[in-house]
Amino acid sequence: MVEEVLSALQVRTGGHYIDGTTGEGGHSLAILGAVSPPPHLLCLDVDAEALEAAGNRMMEYGGNATMRQASYSDVAEVAEEAGFLHPDGMLLDLGLSSLQLDKGERGFSFRQEALLDMRFDPSQSLTAGDIVNGYREVELADIIYRYGEERRSRRIARAIVGSRPVGTTTQLAEIVTNSVGRRRGRIHPATKTFQAIRIAVNDELSNIQRGLEGAVDTLGAKGRLAVIAYHSIEDRIVKNALRFMASSCICPPSVPQCVCGHVPTVRIVNRRVIKPSTQEVRSNARSRSARLRVAERLQIQAI
Ligand SMILES: C[S@@+](CC[C@H](N)C(=O)[O-])C[C@H]1O[C@@H](n2cnc3c(N)ncnc32)[C@H](O)[C@@H]1O
């Protein structure tokens with residue numbers, strides 16, 4: 001959703017922007033190339049390998065691209081350290097990159113045999129193997145239910161615990177498939193379990209919440225925040241967090257008159273979520289579930 005992101009961020013020469021999830025650098029390159037002379041861009045990613053590859057692709061932009069291996073959940077501190085004090089825009093393109101998914105040895109995919117890893121940041125200690133082989137059955141079921149929205153989570157957790165030790169991605173996929181069966185035409189039965197374990201390994205949902213708050217705190221007045229989510233759990237967090245930040249009253253409905261004094265910090269730019277064009281979905285099937293939401297930082301009046 002490159003065009004949609006550029007239009008949301010309203011990139012201008014001399015502006016300062018942050019790509020919180022640089023990945024392979026596709027969006028970063030588009031932001032840098034959107035205007036001439038290019039804007040200033042701070043590129044973050046927790047994955048050092050991805051960041052290095054993206055940095056090489058951005059070489060021609062020299063000092064306009066600043067790279068930092070950091071989590072977007074720490075954007076306030078990182079932006080300040082890098083001299084991006086009140087940026088004009090920030091992008092969060094959530095989840096994992098095609099590169100990570102396609103690199104079998106990273107353990108994100110059940111289509112290739114690999115150790116159970118799934119870390120975005122390979123220097124982090126917790127791996128998918130630790131969760132699959134170490135968590136209690138009830139904790140595992142809870143993760144699969146909440147982060148995978150998988151109704152058959154208990155049955156799957158029981159099967160995993162009964163098959164320990166589970167060594168590889170393909171073993172895990174087989175255990176899940178054998179426990180719930182495979183129906184023709186549906187998504188692979190292990191898809192939701194893999195999504196859930198990846199979210200747990202990388203603490204993705206807490207990061208999103210912290211990242212959205214950090215981004216809004218960091219943005220300058222009228223700065224734009226663009227967030228792309230790929231599944232309903234992520235998108236719900238983004239929608240609710242932006243609605244909360246945009247509302248002038250957060251009193252419960254039972255309170256007859258507003259007493260909260262809540263001050264809105266953003267304006268929601270697109271009331272309806274933006275979806276990829278049919279043309280984009282046709283050329284890149286993975287984009288079909290992308291959902292873009294955009295908010296604008298309001299000028300906060302000093303009291
Ligand atoms: C969907 S990809 C981004 C793709 C990118 N927009 C592009 O055009 O190539 C998401 C990226 O976010 C990174 N990521 C995940 N969690 C992160 C976090 N908490 N902080 C920074 N980067 C994170 C992943 O390592 C991955 O490279």
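General remarks:
- The one condition from (1) buried (at least 17 other Cβ atoms within 10 Å of the Cβ); (2) under 18 Å from Ala215 (Cβ atoms) that Gly25 does not meet is (2).
- One residue stands out in the range 71-112 among those that are surrounded by fewer than 21 Cβ atoms within 10 Å (Cβ to Cβ), assigned to a loop (DSSP other than H, G, I, E, B) and not polar (S, T, N, Q): the one that is nearest to the chain's Cα centre (by Cα), namely Lys103.
- Any hit, the range 93-106, residues being more than 15 Å from the ligand (Cβ to nearest atom), farther than 20 Å from Leu172 by Cα and at pLDDT below 95: no
- Candidate set: the range 34-47, residues that are part of a strand (DSSP E or B) and near the ligand (Cβ under 6 Å from one of its atoms); chosen: the one farthest from Phe84 (Cα to Cα): Asp45
- Taking the range 181-198 as the range and being surrounded by fewer than 19 Cβ atoms within 10 Å (Cβ to Cβ) and assigned to a helix (DSSP H, G or I) as the test, only Thr191 passes.
- Verdict on Gly89 being over 25 Å from Ile233 (Cα atoms) and assigned by TED's automatic domain parsing to the domain that holds Asp217: no
Here is a yes/no grid of residues against (1) at pLDDT below 95; (2) closer than 25 Å to Val294 by Cβ; (3) within 16 Å of the ligand (Cβ to nearest atom):
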{"site": "Gly63", "(1), (2), (3)": "yes, no, no"}
{"site": "Ala128", "(1), (2), (3)": "no, no, yes"}
{"site": "Val132", "(1), (2), (3)": "no, no, no"}
{"site": "Leu140", "(1), (2), (3)": "no, no, no"}
{"site": "Gly148", "(1), (2), (3)": "no, no, no"}
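So that you can scan it fast, the table gives a plain yes or no per residue for (1) more than 15 Å from the ligand (Cβ to nearest atom); (2) modelled with pLDDT under 95; (3) farther than 28 Å from Pro276 by Cα; (4) among the hydroxyl-bearing types (Ser, Thr, Tyr):
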site: Ala190; (1), (2), (3), (4): yes, no, no, no
site: Asn202; (1), (2), (3), (4): no, no, no, no
site: Val216; (1), (2), (3), (4): yes, no, no, no
site: Gln257; (1), (2), (3), (4): yes, yes, yes, no
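- With respect to the conditions (1) within 25 Å of the chain's Cα centre (by Cα); (2) more than 16 Å from the ligand (Cβ to nearest atom), Arg183 lacks only one, and its number is (1).
- Residue match in the range 50-61 (condition: closer than 30 Å to Leu172 by Cα, assigned to a helix (DSSP H, G or I), within 13 Å of the ligand (Cβ to nearest atom) and in contact (Cβ under 8 Å) with a residue 24 or more places away in the chain): yes
- From Ser232, Ser277, Ser254, residue being in contact (Cβ under 8 Å) with a residue 12 or more places away in the chain, among the hydroxyl-bearing types (Ser, Thr, Tyr) and out of contact with any Gly (no Cβ under 9 Å at 6 or more places or on another chain): Ser232
- Matching entry among Val176, Val132, Val166 (being in a helix (DSSP H, G or I), of a type in the set (A, V, I, L, M) and either over 22 Å from His231 (Cα atoms) or in the same structural domain as Ile237 (by TED's automatic domain parsing) (or both)): Val132
- When the range 1-33 is filtered for residues that are of a type outside the set (D, E, K, R), closer than 20 Å to His86 by Cβ and in a loop (DSSP other than H, G, I, E, B), the ones remaining, listed by number, are Gln10, Val11, Thr13, Gly14, Gly15, Gly20.
The values are calculated or read from the model by the stated rules, or taken from the named source; none is laboratory data. Here the structure is a predicted model, which is why all the values come from computation and not from measurement. Here the Cβ is made from the backbone with ideal geometry for all residues, glycine too, and neighbour counts use every protein chain on show.
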